[in-house]
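This report concerns only the one structure given below.
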Amino acid sequence: MSQLTIGWIGCGVMGSSMAGHLLRHGHALTVHTRTRARAEALLADGARWADDPREAAEGADVVCSIVGYPDDVRAVHLGPGGTLEAKRSPRVIVDLTTSPPSLAEEIAGAARTCGVGSVDAPVSGGDVGAREATLSIMVGGAVDDVAYVRPILEKMGGRIVHQGGPGSGQHTKMVNQILIASTMMGVAEGLLYASRAGLDATRVIESVGGGAAGSWTINNLGPRMVRRDFEPGFYVEHFIKDLEIALAEAERMGLQLPGLALARRLYEAVRADGHDRQGTQALLLTLEAMNGGA
């Protein structure tokens, strides 16, 4: 496995750390990202630069992408200069971006016609999970393709679960985001309440974080809220994109999910308040503004 060549597309908040793990484990890495400056640390560590996704995929065993939006995913793999235009096709495409399940199925179909495997593998765990290689990776794709890329995924994540065929990883990520949406509302409201009650919010987290109200969100993003640290582990604008995908899938299935719909409305307010490029914990700022300030 140490001899695999990997094309890597996307060096954002999470992508840079994830690609770095693969480099440190001895994989040959060719990198492309929209802003080359974001790849400089990887290039300094031995990665090779590619001018477009096609070049990153050329002759690679595996090509991985983690980009912003579904249109970006489509362009990276299906568009002009995309990975599937490589003359020497990769063995498997792995998309780690959160995007619609239908797009994962479309990419898998297009890849199949080129003799390429395709795996949708969205991740959860934010910037901390990316840095510490403890991400939860939700995987969809054919059994053989998943088995081929699993050793790579294990370099980036602590829990890798194969959910089923193409698109099933993305459906599982929608479940993840539905759970997070309501949890984020509860954490922000709870800490706002603690502040107004005159409590030491850090001590409150110590008490509730280990009980029935404990969650990754309260124990990881709660302290950031207390410190007034709203830097992104995961951008508000990307979370809104995920909520919109989940709501569209729910509508397609005839589901009414009022908690998810409320979360989307609140995060639209966060975006309107100018916090779209901050972390999802910036929900606290909007709730404070709704209640007369901090």
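A few notes on this one:
- Beta bridges by DSSP in the chain, antiparallel share as percent, to the nearest 5: 15 percent
- Dmax and Rg, reported as Rg then Dmax, of segment 140-262 (C-alpha, Å): 17.6, 56
- Low-density loop positions, trypsin sites (Lys or Arg not before Pro), segment 138-243 - DSSP coil, at most 13 other Cβ in 10 Å: Arg227, Arg228
- Using the alpha-carbon positions of segment 147-198, Rg (one decimal) and Dmax (whole number) come out as 17.3, 54 Å.
- At least 27 Å along the helix axis (C-alpha) and Kyte average at least -1.0, DSSP helices within the chain: 168-196
- Computed across segment 5-166, the Kirkwood radius stands at 15.0 Å (inverse of mean 1/r, all Cα pairs).
- Gyration tensor (alpha-carbon) shape descriptor, the chain, a/c threshold 1.5: prolate
Every number in this text was worked out from the coordinates using simple rules, so none of it is lab data. Computed from a prediction, not measured in an experiment: that's the story for all the values here. With ideal geometry, Cβ positions are generated from the backbone for all residues, glycine too; neighbour counts draw on all protein chains shown.
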